[in-house]
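K.L.:
What follows is a single structure, and I will ask about it in a moment.
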Amino acid sequence: MASNVARYKTDVWSDWCPGCGDFGIVAAMQKAFAELDLDPAQTVVVSGIGCSSKTPHFIHANGVHTLHGRAIPFATGIKLANPRLTVVVNGGDGDLLGIGAGHFVAVGRRNVDITVILHNNQVYGLTKGQASPTLRRWEQVKSLPRPNIQDAVNPIALAIASGYTFVARGYALWVDHLKELIKAAIRHKGTALIDVLQPCVTYNNLYTADFYKGRLYKLEEEPGWDPIVHEPSIDEIDEKVARAWEKALEWGQRIPVGVFYVNPHVETYEERIAKLNPLYQEKPIALQEIEENGTPAISREDFIKLFNKYIVEVDRR
Ligand code: SF4
């Protein structure tokens, strides 16, 4: 297996601080990709801006390092253009839940089949440790002159409320546990979030490895814990959402990691598009020939058929 993991490594030099939790997340991704035997040519890692957004440079696959907060729309476009690709987003809590918060919500409403890995360290590490959207009110990390006076966003609760159909939390230093969450998220058909608690050893002196030690516990080891919606009934969905929500709010002496909620019954955005346009699955945009021997590859009849799907008749009386 070791040589298989090596397939996903690059020789790009990393400028992450020694001891940063991001190293554990990259290691977990490489192990997960190896165990899923993903083809690097058919896999895309997409990021925005921040320490964590350097991740695509360290994974041997297609990588797209985009704009601040825009990793999710880039990933959505890539997936919709070629639904056969495996698409993974990496971003920090500042990137995905600050400037990118609208996109974080929108992708849940669509249930696009992508995996979002949130590097959650409660600070903007790249710009010297300002409070990010997951730092709680009255908390003061060492780079802040005063305590934070804003309330925190809860990524697990927000993802469930937005419609994500796979919601989990991992810990950057529990690499093998995180690897299993990443594998399950990629296998899931629909939008998946993994909120990863990631110590920032340089700027966050509150949520350190010592803080997490002894507080983290695994949901799967709780008696009777079952996060999966087995029957798509309102009653079962309500019950599973309520239990996940209760666990999402737990923080302090006990902090849960593991899978919070899975609903495999919601159709993906790709399936919704295919219902409107039957040509979509057969010939997604990125797999269409533009031309053959100088003539357009799509016939005039097919083009009109495709185009007619989008014509709106307006009654001007
Ligand atoms: Fe990691 Fe924090 Fe250093 Fe950024 S500043 S590389 S998040 S330890």
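K.L.:
Can you confirm whether Leu193 is aliphatic (A, V, I, L, M), crowded, with 23+ Cβ neighbours inside 10 Å, under 12 Å from the mean Cα position of the chain (by Cα) and within 14 Å of the ligand (Cβ to nearest atom)?
P.N.:
Criteria not met by Leu193.
K.L.:
Checking the condition of a type in the set (Val, Ile, Thr), at pLDDT 95 or above, outside any helix (DSSP H, G or I) and open to solvent by less than 20 Å² (accessible area, probe 1.4 Å), which residue from Val64, Val45 passes?
P.N.:
On inspection, the qualifying residue turns out to be Val45.
K.L.:
Against the condition aliphatic (A, V, I, L, M), within 16 Å of the ligand (Cβ to nearest atom) and either surrounded by fewer than 18 Cβ atoms within 10 Å (Cβ to Cβ) or within 21 Å of Ala6 (Cα to Cα) (or both), how does Ile59 come out, does it pass? Reasoning before the result, please.
P.N.:
On the way: aliphatic (A, V, I, L, M): yes; within 16 Å of the ligand (Cβ to nearest atom): no; either surrounded by fewer than 18 Cβ atoms within 10 Å (Cβ to Cβ) or within 21 Å of Ala6 (Cα to Cα) (or both): yes.
Spelling it out, it is not the case that Ile59 is aliphatic (A, V, I, L, M), within 16 Å of the ligand (Cβ to nearest atom) and either surrounded by fewer than 18 Cβ atoms within 10 Å (Cβ to Cβ) or within 21 Å of Ala6 (Cα to Cα) (or both).
K.L.:
Could you list, in sequence order, the residues of region 276-302 that are closer than 24 Å to Lys79 by Cβ and over 35 Å from the mean Cα position of the chain (by Cα)? Break it down stepwise before answering.
P.N.:
Initial filter on region 276-302 (closer than 24 Å to Lys79 by Cβ): 276-290, 297-298, 302.
Scanning region 276-302 gives Ala297, Asp302.
K.L.:
Here is a follow-up. Considering only region 97-109, state which residues are buried (at least 22 other Cβ atoms within 10 Å of the Cβ) and either of a type in the set (A, V, I, L, M, F, W, C) or touching a residue at least 60 places away in the same chain (Cβ under 8 Å) (or both).
P.N.:
Listed by number, the residues that qualify are Leu97, Phe104, Val107, Gly108.
K.L.:
Sort out which residues of region 196-224 are open to solvent by less than 40 Å² (accessible area, probe 1.4 Å) and away from the ligand (no atom under 16 Å from the Cβ), and write them in order of number.
P.N.:
Leu216, Tyr217, Leu219
K.L.:
May I pose another question? All but one of (1) buried (at least 23 other Cβ atoms within 10 Å of the Cβ); (2) free of Cβ contacts under 8 Å to residues at least 40 places away in the same chain hold for Lys79; state the number of the condition that does not hold.
P.N.:
Checking Lys79 against (1) buried (at least 23 other Cβ atoms within 10 Å of the Cβ); (2) free of Cβ contacts under 8 Å to residues at least 40 places away in the same chain, the one that fails is (2).
K.L.:
I'd like to know if region 8-29 contains one or more residues that are in a strand (DSSP E or B), within 16 Å of the ligand (Cβ to nearest atom) and surrounded by 22 or more Cβ atoms within 10 Å (Cβ to Cβ).
P.N.:
The first filter runs over region 8-29 and keeps only residues in a strand (DSSP E or B), leaving 9.
Cutting the leftovers down to within 16 Å of the ligand (Cβ to nearest atom) gives us none.
So far as region 8-29 goes, no, none of its residues is in a strand (DSSP E or B), within 16 Å of the ligand (Cβ to nearest atom) and surrounded by 22 or more Cβ atoms within 10 Å (Cβ to Cβ).
K.L.:
Now for a different question. In region 222-274, which residue that is part of a loop (DSSP other than H, G, I, E, B) and charged (D, E, K, R) is farthest from Asp195 (Cα to Cα)?
P.N.:
Glu231
K.L.:
Select from region 67-88 the residues that are out of contact with any Pro (no Cβ under 7 Å at 6 or more places or on another chain) and part of a loop (DSSP other than H, G, I, E, B) and list them in ascending order.
P.N.:
Leu67, His68, Gly69, Arg70, Arg84, Leu85
K.L.:
Determine, yes or no, whether Asp195 is among the acidic types (Asp, Glu), at pLDDT 95 or above and not in a loop (DSSP other than H, G, I, E, B). It would help to see each step written out before you state the result.
P.N.:
Working: among the acidic types (Asp, Glu): yes; at pLDDT 95 or above: yes; not in a loop (DSSP other than H, G, I, E, B): yes.
Yes.
K.L.:
Search region 120-135 for residues being open to solvent by 70 Å² or more (accessible area, probe 1.4 Å) and on the phi < 0 side of the Ramachandran plot, and hand back the single one that is nearest to the ligand (Cβ to nearest atom).
P.N.:
Per the criteria, the residue is Leu126.
K.L.:
Still on this structure, I have one more. Taking the conditions exactly as written (within 19 Å of Asn120 (Cα to Cα) and more than 16 Å from the ligand (Cβ to nearest atom)), does Val5 satisfy them or not?
P.N.:
It is false that Val5 is within 19 Å of Asn120 (Cα to Cα) and more than 16 Å from the ligand (Cβ to nearest atom).
The values are calculated or read from the model by the stated rules, or taken from the named source; none is laboratory data. Owing to the predicted nature of the structure, the values given are computational and were not obtained by experimental measurement. All Cβ positions, glycine included, derive from the backbone under ideal geometry; neighbour counts span all protein chains shown. Remember, those area values only see protein heavy atoms, side chains included, never the ligands or the DNA or RNA. Shrake-Rupley method; radii C 1.70, N 1.55, O 1.52, S 1.80 Å.
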